[in-house]
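J.: Next up is a structure, given as structure tokens.
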Amino acid sequence: MISSAKIAKLANLPMRDLRDMGDLEGKLAETLNYVEILKEIKTEGVVPTYQVGNNENRMRGDVIEPERIIPTGKYEAKIVWE
Amino acid sequence: MGIEELNKKLNAFITLGEMARLRWGFGEVKVAVKDNFCTKGMLTTAASKILSNFIPPYDATVVEKVKKAGQIIIGKTNMDAFAHGSSTETSDYGVVKNPWDLTRVAGGSSGGSAAAVAAGMCDWALGSETAGSIRGPAAWCGVVGLKPTYGRVSRYGLIAMCSSTDCPGPIADSVEKVRRAYEIIKGVDPKDATTQEGKERQEGIGGRGGIKGLKIGLPKEYFMDSAQKRVNETVLEAARVLEKLGATLIEVKTMEPKYAIAVYTVIQRSEVSSNLARMDGVRFGLNREAFNEENMRRIMLGTHTLQSGYYDAYYKKAQQARTLIIKDFEKLFSRVDLLLSPTMPSVAPKIGVTSGQAMYGEMADVLSEASSLAGLPAISVPCGFVENLPVGMQLIGPKWNEELILKIAQEFEEKTDWHERKPNIAISG
């Protein structure tokens, strides 16, 4: 059984809000139960694929790109949605 | 009806810029952008309250490319919060209504983008897909959606959900418009190390450049018994259109899609927990209390599957199974040129029917997950109607073969008129 208090701490999520989430552990268990079918797949000796894209580092010059400097005060955050 | 009035009915946009109000000028192209792409100086929320105050200081690469092409960004479209869903019902800004039936969902997570296109609010829209988020809403809204090969389009400036499958792509009301948009956004980006110059397969299995002799595989498992029967039938009828044009239809066997659901769920939740760790209100946005329940559940599940002691059983196991999925596709593409199936196993459901189902999104996207995990390109095109609601057919191609699926989709479109049908609510061109 998954302990939501422990996971919440690891995930840096506020427990206060989690308490309002009703059957949180039940819903997490529902998902975990579904993914149990992974056990039916034979994966012994199979190399994992973590990334399907390019696996080479892309290098660039260690120079300042002026257009990527954030102008102070220009895009300060503001609440627009109430 | 004006665009703002229409948006009140559909809730397709979270932000509508000044430009949206202007009348279309000759040759102007208006583009709607999903709200998880950073737009310089324009609110970017990813449909989450946690970013309700985030105005990015820079443009995503794809947004920059759209602007450089001289096209106009009219606003930011609604979506599932952080793209966590397949119906936009997890949006913190309300659900997007389907332009064909306002009591139904538009699909997700790029629901706002697909609805905006279907309702004629823009010329095309930028969406993003992690597994079904472009194809799904395109199918349910009766428009065309292209999910390119992973690595074909830059993710720089796209708010990350599941980094190993996230992929930007265009949605429009015709294959030609999708192709033009794709030409603009694709390409290697020094700011995204996963982008690369992929090469199209030179020699087809069956066809030599055209549809004649092309071998199209119909995966038996993708016409599911649990799917809506008439959706399956509609897609089979559409396949016969391609057969009449000279293609050969071949029934093929794939890995059961139910395994892809499990593999995708674990990988996605794991990457979500890692990617959303940066949302802490320190550098931008509000603090973590502002996440909604779906976001918190996904973060928690991913944290669980990455924990020491569980990592091998979940995360590593899923990544090994992913290798098998990729091999399964490689085997299929040694026999056929492309795969054809329904995009979604049903038409758009009523708003609210999915609430409380922890696995709804993953179940809905069952026919997109395997190809997304393998990074393959796919397109969804309108291919008919069931109960007056649009049905989408998807064509999945081998890696880097966008040209092939675009060409075949276009041939299908030229022989049919499904894409020309518009919902009554739509703004006419």
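J.: Within the range A:7-16, count every residue that is at the interface with chain B (Cβ under 8 Å from one of its Cβ atoms) and outside any loop (DSSP other than H, G, I, E, B).
T.: Of the residues in the range A:7-16, the ones at the interface with chain B (Cβ under 8 Å from one of its Cβ atoms) are A:7-8, A:10-14, A:16.
From the residues that got through so far, the ones that are outside any loop (DSSP other than H, G, I, E, B) too are A:7-8, A:10, A:16.
Going through the range A:7-16 one residue at a time, the tally reaches 4.
One line per residue, one yes/no per condition, for (1) of a type in the set (A, V, I, L, M, F, W, C); (2) closer than 20 Å to residue B:346 by Cα; (3) modelled with pLDDT under 95:
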site	(1), (2), (3)
B:200	no, no, yes
B:204	no, no, yes
B:208	no, no, yes
B:222	no, yes, no
B:263	yes, no, no
B:281	no, no, yes
B:294	no, no, yes
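J.: Restricting to the range B:44-69, name every residue that is among the small types (Gly, Ala, Ser), surrounded by fewer than 24 Cβ atoms within 10 Å (Cβ to Cβ) and modelled with pLDDT of 95 or more. Steps first, please.
T.: As a first pass, look at the range B:44-69 and keep what is among the small types (Gly, Ala, Ser): B:46-48, B:52, B:60, B:69.
With surrounded by fewer than 24 Cβ atoms within 10 Å (Cβ to Cβ) added as a condition, the list becomes B:52, B:69.
The one that is among the small types (Gly, Ala, Ser), surrounded by fewer than 24 Cβ atoms within 10 Å (Cβ to Cβ) and modelled with pLDDT of 95 or more: B:69.
J.: Any residue in the range B:411-429 that is part of a loop (DSSP other than H, G, I, E, B) sitting within a Cβ distance under 9 Å of a residue that is surrounded by fewer than 19 Cβ atoms within 10 Å (Cβ to Cβ) and of a type in the set (A, V, I, L, M)? List the pairs, counting only those 6 or more apart or interchain.
T.: These pairs meet every condition: B:416/B:241; B:425/B:1; B:425/B:102; B:427/B:1.
J.: Also, I was wondering about something else. Which one of these does residue B:392 not meet: (1) closer than 20 Å to residue B:116 by Cβ; (2) in contact with a Phe, Trp or Tyr (Cβ under 8 Å, 6 or more places away or on another chain); (3) not in a strand (DSSP E or B)?
T.: Of (1) closer than 20 Å to residue B:116 by Cβ; (2) in contact with a Phe, Trp or Tyr (Cβ under 8 Å, 6 or more places away or on another chain); (3) not in a strand (DSSP E or B), only one is false for residue B:392: (3).
J.: Looking at (1) surrounded by fewer than 24 Cβ atoms within 10 Å (Cβ to Cβ); (2) in contact with a His (Cβ under 8 Å, 6 or more places away or on another chain), which is the only condition residue B:120 fails?
T.: Single failed check for residue B:120: (2).
J.: Looking at A:52, A:47, A:63, can you tell me which residue is at the interface with chain B (Cβ under 7 Å from one of its Cβ atoms), without any contact (Cβ under 8 Å) to a residue 24 or more places away in the chain and loosely packed, with under 14 Cβ neighbours inside 10 Å? Please lay out each step first, then the result.
T.: Numbers: A:52 fails: loosely packed, with under 14 Cβ neighbours inside 10 Å; A:63 fails: at the interface with chain B (Cβ under 7 Å from one of its Cβ atoms).
Exactly one of A:52, A:47, A:63 is at the interface with chain B (Cβ under 7 Å from one of its Cβ atoms), without any contact (Cβ under 8 Å) to a residue 24 or more places away in the chain and loosely packed, with under 14 Cβ neighbours inside 10 Å, namely A:47.
J.: Can you name every residue in the range B:337-359 that is in a loop (DSSP other than H, G, I, E, B), aliphatic (A, V, I, L, M) and under 24 Å from residue B:221 (Cα atoms)?
T.: Hits for the range B:337-359 are B:344, B:347, B:348, B:358, B:359.
J.: Identify the single condition in (1) at pLDDT below 90; (2) at the interface with another protein chain (Cβ under 8 Å from one of its Cβ atoms); (3) assigned to a helix (DSSP H, G or I) that residue A:19 does not satisfy, given that it satisfies every other one.
T.: Every condition holds for residue A:19 apart from (2).
J.: Okay, next question. For residue B:41, are the conditions met, namely being within 27 Å of residue B:289 (Cα to Cα) and either of a type in the set (A, V, I, L, M, F, W, C) or surrounded by fewer than 24 Cβ atoms within 10 Å (Cβ to Cβ) (or both)? So that I can check it myself, show each step before the final result.
T.: Values: within 27 Å of residue B:289 (Cα to Cα): yes; either of a type in the set (A, V, I, L, M, F, W, C) or surrounded by fewer than 24 Cβ atoms within 10 Å (Cβ to Cβ) (or both): yes.
Against the criterion (within 27 Å of residue B:289 (Cα to Cα) and either of a type in the set (A, V, I, L, M, F, W, C) or surrounded by fewer than 24 Cβ atoms within 10 Å (Cβ to Cβ) (or both)), residue B:41 qualifies.
J.: Further, regarding this structure: Of all residues in the range B:246-296, how many are surrounded by fewer than 22 Cβ atoms within 10 Å (Cβ to Cβ), among the basic types (Lys, Arg) and either in a helix (DSSP H, G or I) or at the interface with chain A (Cβ under 8 Å from one of its Cβ atoms) (or both)?
T.: Number of matching residues: 3.
J.: Quick check on my filter: what residues within the range B:57-91 are more than 19 Å from residue B:153 (Cα to Cα), part of a strand (DSSP E or B) and of a type in the set (A, V, I, L, M, F, W, C)?
T.: Within the range B:57-91, B:72, B:74 meet the criteria.
J.: Among the residues of the range B:360-375, what is the count of those that are touching a Ser or Thr at 6+ places or on another chain (Cβ under 8 Å) and either of a type outside the set (A, V, I, L, M, F, W, C) or in a loop (DSSP other than H, G, I, E, B) (or both)? Working first, answer last.
T.: Within the range B:360-375, the subset touching a Ser or Thr at 6+ places or on another chain (Cβ under 8 Å) is B:360-362, B:364-365, B:367-368, B:370, B:372-373, B:375.
Subset that is either of a type outside the set (A, V, I, L, M, F, W, C) or in a loop (DSSP other than H, G, I, E, B) (or both): B:360-362, B:365, B:367-368, B:372, B:375.
Looking only at that region, the number is 8.
J.: I'm trying to understand the selection: among the residues of the range A:22-36, which are more than 7 Å from every other protein chain (Cβ to nearest Cβ), more than 11 Å from residue A:4 (Cβ to Cβ) and in a helix (DSSP H, G or I)?
T.: Answer for the range A:22-36, where residues must be more than 7 Å from every other protein chain (Cβ to nearest Cβ), more than 11 Å from residue A:4 (Cβ to Cβ) and in a helix (DSSP H, G or I): A:32, A:33, A:36.
J.: Tell me the residue from B:150, B:156 that is surrounded by fewer than 24 Cβ atoms within 10 Å (Cβ to Cβ), within 13 Å of another protein chain (Cβ to nearest Cβ) and farther than 12 Å from residue B:379 by Cβ, please. Before you say what the answer is, go through the steps one by one.
T.: On the way: B:150 fails: surrounded by fewer than 24 Cβ atoms within 10 Å (Cβ to Cβ).
Checking each option against the conditions leaves just B:156.
J.: How about the range B:360-384: which of its residues are among the hydrophobic types (A, V, I, L, M, F, W, C) and touching a Gly at 6+ places or on another chain (Cβ under 8 Å)? Let's see the steps before the verdict.
T.: Let us first name the residues in the range B:360-384 that are among the hydrophobic types (A, V, I, L, M, F, W, C), namely B:363-364, B:366-367, B:370, B:373-374, B:376, B:378-379, B:381, B:383.
Those that are among the hydrophobic types (A, V, I, L, M, F, W, C) and touching a Gly at 6+ places or on another chain (Cβ under 8 Å): B:364, B:367, B:376, B:378, B:379, B:381, B:383.
J.: Mind checking whether some residue in the range A:65-76 is of a type in the set (A, V, I, L, M) and modelled with pLDDT under 90?
T.: So far as the range A:65-76 goes, yes, one or more of its residues are of a type in the set (A, V, I, L, M) and modelled with pLDDT under 90.
J.: Oh, and also: If you go through the range B:306-338 one residue at a time, how many are at the interface with chain A (Cβ under 10 Å from one of its Cβ atoms), closer than 15 Å to residue A:50 by Cα and hydroxyl-bearing (Ser, Thr, Tyr)?
T.: 3
J.: Return yes when residue B:303 is in a helix (DSSP H, G or I), of a type in the set (Ser, Thr, Tyr), closer than 17 Å to residue A:3 by Cα and facing chain A (nearest Cβ under 7 Å) and no when it is not.
T.: So residue B:303 passes the test.
J.: Cβ-Cβ below 8 Å, separation at least six or inter-chain, first residue in the range B:351-365 and more than 13 Å from chain A (Cβ to nearest Cβ), second assigned to a loop (DSSP other than H, G, I, E, B) and among the β-branched types (Val, Ile, Thr): which pairs?
T.: Taking only residues 6 or more apart or on different chains, the pairs are B:351/B:95; B:364/B:354.
J.: Sticking with this structure for a sec: If the requirement is being closer than 13 Å to residue B:128 by Cβ, under 19 Å from the mean Cα position of the chain (by Cα) and at pLDDT 95 or above, which of these qualifies: B:81, B:106, B:114?
T.: B:114
The values are calculated or read from the model by the stated rules, or taken from the named source; none is laboratory data. The structure presented is a predicted model; accordingly, all values stated were derived computationally and were not measured. Note that each Cβ is placed from the backbone with ideal geometry, even for glycine, and that neighbours are counted across all protein chains shown.
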